[in-house]
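Encoded as C-alpha cells, the structure appears first; notes follow it.
Every number in this text was worked out from the coordinates using simple rules, so none of it is lab data. These numbers were taken from a predicted model, which means no experiment stands behind them. Neighbour counts are summed over all protein chains in view; Cβ atoms, including those assigned to glycine, are modelled from backbone coordinates with ideal geometry.
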Amino acid sequence: MEVQASTSASAPAPTPAPLVVNAEYYKEIERARRYLRALISSKNCAPMMLRLAFHDAGTYDALTKTGGPNGSIRNPQELNHSANRGLETAVDLCEKVKRKHPCITYADLYQLAGVVAVEVTGGPTIHFVPGRQIRPSRKFTLLLLNFVAGADHLRSVFNRMGLEDKDIVALSGGHTLGGAHKQVSGFDGKWTEEPWKFDNSYFKELLKSSTKFPTPSNPPTGYSQQKPSSSAAGEDSTGRRLFIFSTDQALIKDPKFLEYVMLYEQDEEAFFRDYAASHKKLSELGFVPPTWTSRVITAVKNSSTMAKTAAGVAFATTAIAITFYYRQRSQRKEE
Ligand code: HEM
C-alpha cells in the first residue's frame, strides 16, 4: 500500500542552491566515507544504515519523477511514520558525520552510509557518485512494504521505483544483514546465522527454510501492528530465531524470482555483481550526475596518484643519495 503525504505545512520549502561537485566536495565525501567506516564498525550499525539508505531512496516514483534518495527521510513527518520506525537512531548517527562534514548533502550522506555499510560487512564495493540534491518536495510516496504480501505486491512497489525482477531479488539479499526487532516491526529474529556479515547466506537460508518455517499471516499496518506467532520462526544453532516473511517467501514461490534466488545461492560472485549494480541503481533513482562529476573524480584520483608517485620519487632519490654518500665515505676511509 502506498500513502501520499505532505511533508510540511502550507509554505513551500525554499529551493536549496544547486550543489556543485568540485574537487573539494569530492575530497570531503572521501573523508566522510572514512569517518563512516569507523563509526559503523564501532557502533555495529551496518544493518540499520543500509535500511536507512533503502528507505530514503525507496520513495521514488518513476512516473512522476518525485521522491528518491533526497534526504527527506529526516523530516519528522516521514521519519515518524511507522514504516520508518527504528530509523531515528540511524539518522542521529548520520548527524555526527554531517556535523564534521557539513557541506555534504543529507541525500549523499545517507546513500554513502548505505554503501559503506555493505562494504564494511564484507559485501561488494558499490560505485558511489556524489551530487544528490536535497529536494524539498511537498509530496512524497512512502515506501510501505507489506511484509505479509506476495510477489505482486513486491513487483508493484519496486516497479513503481523503476526497478525490475533482478533488482528485487538482488536487493532482497540485503536481508543477509540485521534482523527484525519487537519495537520496530513487532517481530524478533534474523534471516541468517551471521547477521553482521554480508554474503549470500540469505539465499541459502531461503531455500533451506522454505519448507521448515511457516510465515506470519496477519496483515500489518505499516510495520507496526504485526504480531507474528512464535510458530512463524525456526531456531538457529544459538537459539535465536531465524525467520522469513511472506515477501521473502515470494522469492521462491514465483518462478522468475526463483531463478535468481537459485543463481545467487550457488554463486556468491554473481550475487555480489548484481547486488552492486542494483544497489547503485537504487541509490541513484531520479539522480542523473552531471557528466563533469566523473571528470572531477578522475582528476582528484589522478592527482592523489601523482602525489603518491611524487612522494615515491622523492623517497627513492633520498635513499639513493644516502647510499651514495655512505659508499663514498667508506671508499675514502679505505683509501
Ligand atoms: C523486499 C521487500 C522488503 C520488505 C518487505 C522488508 C521488510 C523489512 C522488515 C519488516 C524489517 C524488520 C525491521 C525491524 O523490525 O527492525 C527489515 C529489516 C531490514 N531490511 Fe528490509 N525489507 C525489504 C527490502 C529490503 C531491501 C531492498 C533492503 C536493502 C537493500 C533491506 C534492508 C534491510 C535491513 C538491512 C534490515 C535490518 C535492519 C536492522 O537490523 O536494524 N530491506 N526489512
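Counting every other Cβ atom within 10 Å of each residue's Cβ, LEU79, LEU163, LEU52 order from fewest to most as LEU79, LEU163, LEU52. Note on GLU259 and GLU88: the extension gain reaches 57.9 nm, defined as 0.36 nm multiplied by sequence separation minus the Cα-Cα distance.
As a rough footprinting exposure proxy, the listed residues TRP292, TRP191 were ranked by other beta carbons within 10 Å of their own, and the order from fewest upward is TRP292, TRP191.
With neighbours defined as other Cβ atoms within 10 Å of a residue's Cβ, the residues CYS45, CYS103 order from fewest to most as CYS103, CYS45.
What is the extension gain from ASN75 to ASN22, computed as 0.36 nm multiplied by their sequence separation minus the C-alpha to C-alpha distance, in nm to one decimal? Intermediate values should be presented prior to the final figure.
Details: separation 53, 0.36 × 53 = 19.08 nm, distance 2.74 nm.
This chain segment gains 16.3 nm when fully extended.
Here the average projected area of the convex hull drawn through the C-alpha atoms of region 98-207 stands at 9.1 nm². The protection proxy used here, the mean number of other Cβ atoms lying within 10 Å of each residue, ranks peptides 268-274, 203-209, 60-66 as follows, highest first: 203-209, 268-274, 60-66. The stretch between GLU193 and LYS43 holds 52.0 nm of extra length on full extension. This uses 0.36 nm per residue minus the Cα-Cα distance. With a Förster radius of 30 Å, plug the Cβ-Cβ distance of LYS208 and GLN183 into 1/(1 + (r/R0)^6) and report the FRET value to the nearest 0.05. The pair LYS208/GLN183 has a calculated efficiency of 0.60.
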